[in-house]
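Where a number appears in this text, it was derived from the coordinates with a stated rule and is not lab data. Given the structure is predicted, the values throughout are model-derived calculations rather than measurements. Cβ atoms come from the backbone with ideal geometry, glycine included; neighbour counts cover every protein chain shown.
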Amino acid sequence: MCSLITGGSRGIGFSIAKALAKAGSDIVLMARNKMRLVKAQNDLAGIGRNVRIYPFDMVEVDGIKEIYSKIIDDTGGIDILINNAGGLRRGSAETLSLKDWNFVINLNLSSVFALSQAFAKERIEKEKRGKIINISSVTSEVTRKHIAAYAASKGGIRQLTKSLAVDWAQYHINVNAIGPGYFKTDLTRPLWQDEMFDNWIKKRTPEGRWGSPDELGYAAVFLASPASDFITGQTLYVDGGFLSTMGSVS
Ligand SMILES: NC(=O)c1ccc[n+]([C@@H]2O[C@H](COP(=O)([O-])OP(=O)(O)OC[C@H]3O[C@@H](n4cnc5c(N)ncnc54)[C@H](OP(=O)(O)O)[C@@H]3O)[C@@H](O)[C@H]2O)c1
């Protein structure tokens, strides 16, 4: 069993990699920065699974087929694909540049399509099952100011998840998404370091707190395991109840 996690060197991706390794999977991590990848590889070493690293920028969508084919040669095949790498460019919609728009859409949406396609082709050719888990967001359902490209990309992930699930169910490739609420990582640092926002999140989230990235690891293990073989096309929101309420709960 081998799992590939994009953006697996830190944050949510690293927590998912740790959970899958503990559940018995070998691991492949992709991210841009090699030093951080090596650190993640060392941090996972104690679990006892094989961990390989591939420095790669997911914005370079045209290069995904080639790097994936190298990963397949090296590993013999990937069973579980976690499309986690993502990022955002903030800006009000009337001034957001097309460059920033394209960056976010390439990273958060187009790369997910390209890597999922490469994954599925190999699984189909070898007549092997597969699991794809896309990391979306509560912003695939709701949005706020200055994140138009990000919210559009995550809304796209919700529909892409359903479309890939429908196309590939006949090959026993399950495609689901995990939609995190708010978790403390480098991506959200400007938010959790802002006292007003921190207080707002605690009031806005019925559980009254930020999520812990480990909680996403457990959800990923479920969606990667045979326990979820009849679940496909779904987004599992791990959000402390964020999407279930219209506003502040205290
Ligand atoms: N944190 C939250 O509250 C939250 C909520 C909802 C959804 N999400 C989603 O969860 C995913 C992970 O977020 P996170 O909070 O863990 O972010 P993070 O702490 O910023 O970590 C991002 C990871 O992705 C890698 N990465 C970033 N840009 C990349 C690129 N162009 N090519 C390849 N790898 C890249 C980073 O490594 P390098 O920088 O070395 O490339 C790192 O490993 C994202 O899709 C995000 O949208 C997060």
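What are the residues whose amide H is under 5 Å from the amide H of N134, where those residues sit 5 or more places off or on another chain and H is modelled from the backbone?
For N134, the qualifying residues are N83, N176, A177, I178.
So what's the angle, to the nearest 10 degrees on a 0 to 90 scale, between helix 213-224 and the longest Cα principal axis of the chain?
Helix 213-224 sits roughly 40 degrees off the main axis of the chain.
For the stretch 71-128, place one equal point scatterer on every Cα, skip the solvent, and apply the Debye formula. What is log10 of I(q)/I(0) at q = 0.12, 0.26, 0.29 Å⁻¹?
After summing over all Cα pairs, the log10 values are -0.42, -1.04, -1.16.
Can you tell me the dipole magnitude for the chain around its Cα centre, using point charges on the Cβ only (Lys, Arg +1; Asp, Glu -1), in Debye to the nearest 20?
Computed about the Cα centre, the dipole is about 340 debye.
Could you tell me the relative contact order of the stretch 68-223? Use alpha-carbon pairs under 8 Å, at least six residues apart, and round to a whole percent.
23 percent
Could you list the square roots of 5 times each eigenvalue of the Cα gyration tensor of the stretch 48-146, that is, the equivalent ellipsoid semi-axes, sorted largest first and rounded to whole Å?
30, 15, 12
On the principal axes of its Cα set, how long, how wide and how thick is the stretch 100-146? Give whole Å, largest value first.
The principal-axis extents, from largest down, are 45, 21, 9 Å.
Return the loop-located trypsin sites (Lys or Arg not before Pro) in the stretch 94-156 (DSSP other than H, G, I, E, B) with at most 10 other Cβ atoms within 10 Å of their own Cβ; answer none if there are none.
R144, K145
For all pairs of alpha-carbon atoms in the stretch 168-232, what percent lies in each bin of width 10 Å, listed from the first bin to the last filled one?
Whole-percent P(r) values from 0 Å outward: 19, 37, 24, 16, 4.
Quick one: divide the alpha-carbon radius of gyration of the chain by 2.2 N^0.38 Å and tell me what you get.
0.97
Would you mind calculating the gained length between F222 and K22 on full extension (0.36 nm times residue separation, minus the Cα-Cα distance), in nm to one decimal?
Gain in length upon complete extension: 70.7 nm.
Quick one: if the Förster radius is 51 Å, what FRET efficiency do L98 and D73 give, using the C-beta to C-beta distance and rounding to 0.05?
0.90
Given R₀ = 45 Å, FRET efficiency for S244-D167 by Cβ-Cβ distance, to 0.05?
Efficiency, from the Cβ-Cβ distance: 0.90.
Using 0.36 nm per residue, how much length does the chain from E66 to F230 gain when fully extended, once their Cα-Cα distance is taken away?
Length difference between fully extended and current span is 55.9 nm.
Multiply the residue gap between L191 and T143 by 0.36 nm, knock off their C-alpha separation, and tell me the result in nm, one decimal place.
15.8 nm
Run through the stretch 107-187 and list the GluC sites (Glu not before Pro) located in a DSSP loop whose Cβ has at most 10 other Cβ atoms within 10 Å.
E127
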